[in-house]
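A.B. asks: Handing you this structure, nothing more for now.
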Amino acid sequence: MAAGAQAMGGGPLARLLILAILHVNFVALGLEPDFLYPLENVTIAQGRDAMFTCVVNNLGGYRVSGDSATARVAWIKADTKAILAIHEHVITNNARLSVTHNDYNTWTLNIRGVKREDRGQYMCQVNTDPMKMQTAFLEVVIPPDIVYEETSGDMMVPEGGSAKLVCKARGYPPPKIVWRREDGGDIISRGGPQGKTKVTSLEGEIVNLTKVTRSEMGAYLCIAANGVPPSVSKRIMLHVHFHPLVQVPNQLVGAPTGTDVTLQCHVEASPKAINYWTRENGEMIISNEKYHMSEINRSAYSVQMKLVIRNIQRSDLGGYKCISKNSIGDAEGNIRLYEMELPNRKSGDEDDRDISSEESNDVRSGLQGPLREGGPRAEDAGFLGGGGPLAGSAPHTAPHAIFLISAFALAAC
């Protein structure tokens, strides 16, 4: 037989001839149909396509006992005992089902767009006597989905109050709910048996927050997952309301006239506040060539106020106020601006000129007073510490000597 197949080139015609010979042999030997491979369980996401493959040997030519018909392969929904298909013909009224016979011994049940109700036990059956069959289970999984009508939306609570966050999800298997803060901060639990606890994530459909503080304000993420991608989440914004708080880093600011200076205030408020600057007499400040105002957001409830005053003059000195107002209350901070004098430093040339002037004044003052005519007397040389005439002395010592001699003579009189 192998030689014959080789003689025919080993092509499709040769393989058909071999199958026909085997079929005749099986019929002659009276072999019963048998399953070549077990039917495998299938797990599929809802909406995808599923299929079961049943491989039966020795089916062709087998006669059903007491009947001239050959054996057939049937597909049955075992849990409902509903016949789905016989051989290649679909019996049930379901357009999503089809059966293909890909080879002489392989039958495939195809289910398009699987639904949750398709879940269950499926049977591949051969009507031998006794009947032969094998079964497999179709598991239909469903990705998680947030039930928005039963899930909390954005909420507002007063500082010190309580908040209950609820998140519901559906899917199969049932999803697990995990809570996290969007900014990575801690979720704070109070009042439990362990007192105040902080965690980065919390499992469960409900989160109870008590004695809420402004630091707990922000976005909370409810994440639902059941192992079937994709996971889903919902963002719930928690707003904590409180009256404004103003902090002034520097309440006394000094700057020289003619320069620019920046005044700063830190404001915390929720809901968002209206912030502005005034002079101490209540005059509101507006942005112009003289003043520049700006705000920098530090967090959901924190703002840094800045006021730049250009080219300070004496009229700009005095008190300034940063004021914050929201629907709950208001607050203000006070800053006093004073003139700072720079030290008056003289240049090196000016210092040299001052020193020379002082020396010349000292010389001129030394030259004032009555002077004797002629040179110094010999007896005066001893008073000056010399041993003889002043010949050879430095020229600049003569005026001082004359002044001292004159002063001595006046004292003697």
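The values are calculated or read from the model by the stated rules, or taken from the named source; none is laboratory data. Everything numeric here is computed off the predicted structure, so don't read it as measured data. As a convention, Cβ positions derive from the backbone with ideal geometry for all residues, glycine included, and neighbour counts pool all protein chains shown.
A.B. asks: Name the one entry in GLN121, GLN46 that is touching a helix residue (DSSP H, G or I) at 6+ places or on another chain (Cβ under 7 Å) and not hydrophobic (A, V, I, L, M, F, W, C). Reasoning before the result, please.
C.D. replies: Details: GLN121 fails: touching a helix residue (DSSP H, G or I) at 6+ places or on another chain (Cβ under 7 Å).
After ruling out the rest, the residue left standing is GLN46.
A.B. asks: Filter the range 234-271 for residues that are among the charged types (D, E, K, R) and surrounded by 13 or more Cβ atoms within 10 Å (Cβ to Cβ); which is farthest from TYR320 (Cα to Cα)? Can you show your working first?
C.D. replies: The initial filter retains those residues of the range 234-271 that are among the charged types (D, E, K, R), namely 234-235, 260, 268.
After this cut, where a residue has to be surrounded by 13 or more Cβ atoms within 10 Å (Cβ to Cβ) as well, the list is 234, 268.
Numbers: LYS234: 45, GLU268: 19 Å.
Once the filter is applied, the top-ranked residue is LYS234.
A.B. asks: Can you name every residue in the range 128-165 that is part of a loop (DSSP other than H, G, I, E, B), β-branched (Val, Ile, Thr) and closer than 30 Å to ILE76 by Cβ? Before the answer, list the steps.
C.D. replies: Applying the first criterion (part of a loop (DSSP other than H, G, I, E, B)) to the range 128-165 yields 128-131, 147, 151-154, 159-162.
Now restrict to residues that are β-branched (Val, Ile, Thr): 128, 147, 151.
THR128 - this is the single residue of the range 128-165 that is part of a loop (DSSP other than H, G, I, E, B), β-branched (Val, Ile, Thr) and closer than 30 Å to ILE76 by Cβ.
A.B. asks: Find the strands (runs of 3 or more DSSP E) located wholly in the range 199-278 whose residues include 3 or more that are under 22 Å from the mean Cα position of the chain (by Cα) and under 23 Å from ALA163 (Cα atoms), and list them. Break it down stepwise before answering.
C.D. replies: Numbers: elements: 201-203, 206-209, 218-225, 232-247, 252-255, 261-270.
Counting at least 3 such residues, we get 201-203, 218-225, 232-247.
A.B. asks: List, please: which pairs have Cβ atoms under 8 Å, are six or more places apart or on different chains, and start with a residue in the range 147-160 that is free of Cβ contacts under 8 Å to residues at least 60 places away in the same chain and end with one that is among the charged types (D, E, K, R) and assigned to a loop (DSSP other than H, G, I, E, B)?
C.D. replies: Between residues of the range 147-160 that are free of Cβ contacts under 8 Å to residues at least 60 places away in the same chain and residues that are among the charged types (D, E, K, R) and assigned to a loop (DSSP other than H, G, I, E, B), the close pairs are VAL147/LYS168; GLU150/LYS168; GLY160/LYS211.
A.B. asks: Of the conditions (1) more than 30 Å from GLY161 (Cβ to Cβ); (2) in contact (Cβ under 8 Å) with a residue 60 or more places away in the chain; (3) assigned to a strand (DSSP E or B); (4) not hydroxyl-bearing (Ser, Thr, Tyr), HIS292 fails just one. Which one is it?
C.D. replies: (2)
A.B. asks: Looking for something in the same structural domain as PRO230 (by TED's automatic domain parsing) and farther than 20 Å from SER231 by Cβ - is there at least one such residue anywhere in the range 167-179?
C.D. replies: Filtering the range 167-179 for residues in the same structural domain as PRO230 (by TED's automatic domain parsing) gives 167-179.
Next cut, farther than 20 Å from SER231 by Cβ only: none.
Looking for residues that are in the same structural domain as PRO230 (by TED's automatic domain parsing) and farther than 20 Å from SER231 by Cβ, one finds none in the range 167-179, hence no.
A.B. asks: Another question, then. Can you spot a residue in the range 273-283 that is closer than 30 Å to TYR172 by Cβ and of a type in the set (Gly, Ala, Ser)? First the steps, then the outcome.
C.D. replies: Just the residues of the range 273-283 that are closer than 30 Å to TYR172 by Cβ, to begin with: none.
No, because not a single residue in the range 273-283 is closer than 30 Å to TYR172 by Cβ and of a type in the set (Gly, Ala, Ser).
A.B. asks: Still on this structure, please answer the following. Could you check the range 109-127 and list, in sequence order, the residues that are free of Cβ contacts under 8 Å to residues at least 40 places away in the same chain and either part of a loop (DSSP other than H, G, I, E, B) or among the hydrophobic types (A, V, I, L, M, F, W, C) (or both)? Lay out the reasoning, then the answer.
C.D. replies: First pass over the range 109-127, keeping only residues free of Cβ contacts under 8 Å to residues at least 40 places away in the same chain: 117, 119.
Residue satisfying the conditions is ARG119 alone.
A.B. asks: So, one more: Going by the conditions given, is SER189 among the hydroxyl-bearing types (Ser, Thr, Tyr) and part of a loop (DSSP other than H, G, I, E, B)?
C.D. replies: Numbers: among the hydroxyl-bearing types (Ser, Thr, Tyr): yes; part of a loop (DSSP other than H, G, I, E, B): no.
Spelling it out, it is not the case that SER189 is among the hydroxyl-bearing types (Ser, Thr, Tyr) and part of a loop (DSSP other than H, G, I, E, B).
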